[in-house]
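Let me begin by presenting the structure, written as structure tokens, before commenting on it.
The values are calculated or read from the model by the stated rules, or taken from the named source; none is laboratory data. Predicted, not measured: the structure shown is a model, and the values here were computed from it. When we count neighbours, we look across all protein chains shown, and the Cβ atoms used for this are built from the backbone with ideal geometry, even at glycine.
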């Protein structure tokens, strides 16, 4: 790990175009996150309401043998872990957040392009998760105070709007408290949600008796009438899982910069990704199979499952826990990143907190429009589309750090507005990197929406990242040779 002199870095940028204390490298002695914090970050990612719905639906939507779905989920966990470790290492080593890391490949000002791209994706996710968390809050309020009037505006009842407001205010307060409060919040939220899930499973098992194992067996056999080949569906499951984590894969440096050592980061990623994802998927399968035995239909929305159990005490506790889990990961994965990304636009004018408040305001609009507009796309298409924008940026950043720079950066130049800086390129923009990003992004989005490219389902995120990396290496080599001649 490197030690830094932030006073020297700050002095070279008196106008605050590239530096503020929030974006500055974190000294190794100031880091407090260990493997347990990283593990619980991934626990809360999976345990969010959207995470549960996605995990449960994978066993029913693709018609695969349940063991094949498990294999796809486990394999995707190892793939995600590998990609995450690559993205996390430079920030552990240098203490820098994602938008600063992007300056090395995109230019000190060109980095605003992928940073804003990530920020927009995070704001959409933030809005989506806020709405979903509000459904758990609504369930809690309804259990305590009754339904109230059922008149709706933009798909939400008055009680629904109150629930959404509670979620949004809670997230702002948690964000405002700072990263250490977030870490402590996650460290108890993750185990607590698992305890509630196990309790819910036990209650379902008690009510269904011996019929639960038979329903689980039926799910594991799969649906022989499902469309698509088993191979394509297997990779579709993998691709959907990878896309679900894609946003965090790109900007994982926003969190790994707080980790004490790379070893602790890797241990937390191992336990939190392949291990945790598998355990969570197994619990989701058991609970979803139990809903078939109990209600005659499979339910993938945990709030609906809890409401049908008709146990007030369980409803209150479970709704509170899913609310906590969804809020926790929303703050970490979808609030901290756009706060950094927006601050990176003009560090001297936009602080970390200021960027967070802008993100919260925009995300509230997304939450309000979720029911009548955004949800029409469906979860899988929504997840895959957002992930498509991020894959090429990831490939470019990784290729630059590991293949071109051999894992060596000049931290001082990352914050230098001088034209002599190593990452200034052409007026602060690395044109070749921006071109590679633009070209590969067109392909990655097309792979999601064009039926002719449907055979790439499950491969598109990896292909797009690889395409971004290859184009970047080719164009950068050409650009370097051209400018060397002049």
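Kindly indicate whether residue 409 is crowded, with 21+ Cβ neighbours inside 10 Å and either modelled with pLDDT of 90 or more or not in a loop (DSSP other than H, G, I, E, B) (or both). Break it down into steps so the answer makes sense when it comes.
Numbers: crowded, with 21+ Cβ neighbours inside 10 Å: yes; either modelled with pLDDT of 90 or more or not in a loop (DSSP other than H, G, I, E, B) (or both): yes.
Yes; evaluated as a whole, the condition is true for this residue.
Inside segment 1-66, counting only helices (runs of 4 or more DSSP H) that do not spill past its ends, which hold 1 or more residues that are closer than 30 Å to residue 289 by Cα?
On the way: elements: 6-11, 35-47, 49-61.
Of the helices (runs of 4 or more DSSP H) lying wholly inside segment 1-66, those with at least 1 residues that are closer than 30 Å to residue 289 by Cα span 35-47, 49-61.
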Meets criteria (within 22 Å of residue 333 (Cα to Cα), in contact with a helix residue (DSSP H, G or I) (Cβ under 6 Å, 6 or more places away or on another chain), modelled with pLDDT of 90 or more and surrounded by fewer than 18 Cβ atoms within 10 Å (Cβ to Cβ)) for residue 82
no
Condition broken by residue 361, with the remaining ones in (1) in a helix (DSSP H, G or I); (2) touching a helix residue (DSSP H, G or I) at 6+ places or on another chain (Cβ under 9 Å) satisfied:
(2)
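If I filter segment 141-162 for residues that are assigned to a helix (DSSP H, G or I) and under 23 Å from the mean Cα position of the chain (by Cα), do I get at least one hit?
First, the residues of segment 141-162 that are assigned to a helix (DSSP H, G or I): 141-145, 158-162.
Within this subset, residues satisfying the condition of being under 23 Å from the mean Cα position of the chain (by Cα) are none.
No, every residue in segment 141-162 fails to be assigned to a helix (DSSP H, G or I) and under 23 Å from the mean Cα position of the chain (by Cα).
So, in segment 146-156, of the ones that are surrounded by fewer than 18 Cβ atoms within 10 Å (Cβ to Cβ) and in contact (Cβ under 8 Å) with a residue 12 or more places away in the chain, which residue ends up farthest from residue 364 (Cα to Cα)?
Applying the first criterion (surrounded by fewer than 18 Cβ atoms within 10 Å (Cβ to Cβ)) to segment 146-156 yields 146-155.
Applying the additional criterion that residues be in contact (Cβ under 8 Å) with a residue 12 or more places away in the chain yields 147, 154-155.
Working: 147: 23, 154: 13, 155: 15 Å.
Per the criteria, the residue is 147.
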So, first residue at positive phi in segment 101-119, second residue part of a loop (DSSP other than H, G, I, E, B), Cβ within less than 8 Å, six or more apart or across chains; the pairs are 107/423; 107/424; 107/425; 107/428; 107/430
Surrounded by 19 or more Cβ atoms within 10 Å (Cβ to Cβ), at pLDDT below 90 and farther than 30 Å from residue 240 by Cβ - does that describe any residue in segment 351-365?
yes
(1) crowded, with 18+ Cβ neighbours inside 10 Å; (2) under 20 Å from the mean Cα position of the chain (by Cα) all hold for residue 200 apart from (2)
Anything in segment 167-184 that is surrounded by fewer than 18 Cβ atoms within 10 Å (Cβ to Cβ), touching a helix residue (DSSP H, G or I) at 6+ places or on another chain (Cβ under 8 Å) and under 23 Å from residue 145 (Cα atoms)? List them, or say none.
none
Which numbered condition residue 239 misses (of (1) under 28 Å from residue 93 (Cβ atoms); (2) within 17 Å of the chain's Cα centre (by Cα))
(1)
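Pull up segment 428-483, narrow it to residues that are assigned to a loop (DSSP other than H, G, I, E, B) and at pLDDT 75 or above, then point me to the one that is nearest to residue 406 (Cα to Cα). It would help to see each step written out before you state the result.
Taking segment 428-483 first, the residues assigned to a loop (DSSP other than H, G, I, E, B) are 428, 430, 450, 457-459.
From what's left, at pLDDT 75 or above: 428, 430, 450.
Details: 428: 22, 430: 18, 450: 37 Å.
Per the stated criteria, the residue is 430.
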Examine segment 232-247 for a residue that is closer than 19 Å to residue 189 by Cα and out of contact with any strand residue (DSSP E or B) (no Cβ under 6 Å at 6 or more places or on another chain), and state whether such a residue exists.
no
Need the failing condition index for residue 390 against (1) at pLDDT below 90; (2) farther than 26 Å from residue 17 by Cα; (3) part of a helix (DSSP H, G or I), just the number.
(2)
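Go through segment 275-285 and give me each residue that's touching a helix residue (DSSP H, G or I) at 6+ places or on another chain (Cβ under 7 Å) and surrounded by fewer than 21 Cβ atoms within 10 Å (Cβ to Cβ).
Within segment 275-285, the subset touching a helix residue (DSSP H, G or I) at 6+ places or on another chain (Cβ under 7 Å) is 276-278, 280-281, 283-285.
Correct list: 278, 283.
Is it fair to say residue 188 is modelled with pLDDT under 85, more than 19 Å from the chain's Cα centre (by Cα) and farther than 18 Å from residue 313 by Cα?
yes
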